[in-house]
1. Quick one: which of A:160-171, B:188-199, A:61-72 comes out on top by average Cβ neighbours within 10 Å, and what's the full order, highest first?
2. If you rank B:33, B:79, B:20, A:31 by fewest surrounding Cβ atoms within 10 Å, what's the result?
3. Efficiency by 1/(1 + (r/R0)^6): what FRET value for residue A:199 and residue B:167, r their Cβ-Cβ distance, R0 = 56 Å, to the nearest 0.05?
4. Taking 25 °C and 0.890 mPa s as the conditions, I'd like the Stokes-Einstein D for the stretch A:14-271 in µm²/s, using the Kirkwood hydrodynamic radius from alpha carbon pairs.
5. How large is ³J(HN,Hα) for each residue in the stretch B:152-157, as worked out from phi by the Karplus curve 6.51 cos²θ - 1.76 cosθ + 1.60 (θ = phi - 60°), to whole Hz, x for Gly and Pro?
6. Top mean-square fluctuation among B:172, B:24, B:230, Gaussian network model of chain B, C-alpha springs under 10 Å?
7. Quick one: which of A:265/B:135; A:10/B:113; A:10/A:265; A:265/B:45; A:10/B:14 span more than 28 angstrom between C-alpha atoms?
8. Could you list A:142, A:77 in order of exposure, starting from the residue whose Cβ has the fewest other Cβ atoms within 10 Å?
Amino acid sequence: MSVTTPVPIKAFSLRRVFAMVRRYWYLLRGSWPRIIELMYWPTIQMIMWGFITLHLRDTSTWVAEAAGVLLTGVLLWDILFRGQLGYTLSFLEEMYSRNLGQLFVSPLRPIEMVAALMTISLLRTLIGILPAALLAIPMFAWNVFSIGLPLLAFFFLLLVMGWAVGMIVTALLLRVGLGGESLAWFIIFLLIPVSAVYYPVDVLPVWLQWVAFSMPPVYVFEGMRAVLFDGIFRWDFFAAAVGLNIAYLGLGAAMFLWSFHVARKRGLLLAGGE
Amino acid sequence: MLRTPAVKVEHLTKRFGQVSAVDDISFEIARGSCVGLLGGNGAGKTTSIAMIMGLLLPTAGRISVLGEDMLAHRFRVLSRINFSSPYMELPHRLTIAENLAIYAELYEIPDPKTRIAEIAETLDLVPLLTRPSGKLSAGQKTRVGLAKSLLNNPEFLALDEPTASLDPDTADRIRGYLDNYRTETGASILLASHNMAEVERLCDDVLMMRAGEIVDRGAPADLIGRYGRDTLEEVFLDIARTPGGENAPPAEAAQ
């Protein structure tokens, strides 16, 4: 037996990232209620909005013009919501199990943990959204995949915004502990009125439109309506959403790293709990 | 060239608001040695270890581990050190095998399966490998935590209460294993414990802490002799109960 031979330490290790992804995957795989829960709400939402669409189709020319506008809206909103939730709940697992101290005496770097949380958030979002999107085809004759490549752009724009919000929420959780766990569930809903998910942004008062245009989701949902109503992909909206996503991701990362630093100052990594 | 000490702590201080948890302590741990950190509850042992391991930022002072400055370059050294504490747990719903496999990957161990099998055999964990962490007894959790801390064959190992909750037989075997590990690998150990017999058996040197300060230090036998006592436990009680007795044996022992 001999002690480990010193090896050069990588600034970023995919092996460590996938170790963490594996850990979150084990957690998910080991609990069928969690997998059901991932699919449950997006599917219920889709069914409810599907029936609302059927009802409004005969009474609203706006809905009749683009039958899938509400269904696509609800599915895209769930990408943002699930993206954030997948990121935050995986981080909460570390707090529940008081494991942050163990993790951060290992060579795991905060940026690697962030990469792992993003990866598992992507997996959880796909598990949650795909069944709902597929079920909409036979149930409501709406195939969201018929949007084509713009759907991929919308998916990643919303997922990245979900990660940015996830970083901000985990930064807050590091500061306030498990007492703030409900933040994971409600903070994202602050965005829904100004994201113009189910209505055009010009419905909002002008001052609120300014707020809406300072965040990426509104460009995605306006862009979605441009595709569905006019058959065009708005590159200007895409560019604005990408730029804002980069800014929010930077803000989220800065907040997370700052909170991590404060947690190391206050001994919160060791305590972990409330 | 002289080898740097495994750990060098200089004027280490940690304050939480007005409370001084660790107050200007300095010490070294030589390569291959085992140093015991003794003190009552709240003496500053866990805080000191957390700062040495990089989990907690000090208010003042310097920490060097295996020659690297822990405040500036801790990532250079984290793969060569490890830590076990009953205050930190492994994810409850993962099995022991899954938990150990994940930590083996985090430490980028070359042949994780072999290493896990080896350590599970040594610490008598083989029958537990398929059980979830959360279903283990306190003593079993302690052994699993120890297994995690030995996965990467650390050159420096910080152990906070390594035999807490273990039955005397298992605790004795763990002590034997730690002693052998140190002898065979030349690793250094910092051991915080309330078990004085354990410290006497394993440690070359002892740091006695009280209210965040190191109030005395020395080899266990020297401390026992200096205080005129029969055991380290009696020395510990003397120090803990002597008002204002920092840095000096009680009057009766000094005579």
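Bear in mind that the values in this text are calculations on the coordinates, not laboratory data. Quantities reported herein were computed from a predicted structural model and do not represent experimental measurements. When we count neighbours, we look across all protein chains shown, and the Cβ atoms used for this are built from the backbone with ideal geometry, even at glycine.
1. Ranking the peptides A:160-171, B:188-199, A:61-72 by packing returns A:160-171, B:188-199, A:61-72.
2. A:31, B:20, B:33, B:79
3. The formula returns an efficiency of 0.25 here.
4. The estimated diffusion coefficient comes to 128 µm²/s.
5. Working through the residues one at a time gives 8, 6, x, 7, 9, 10 Hz.
6. Highest fluctuation among the options: B:230.
7. A:265/B:135; A:10/B:14
8. A:142, A:77
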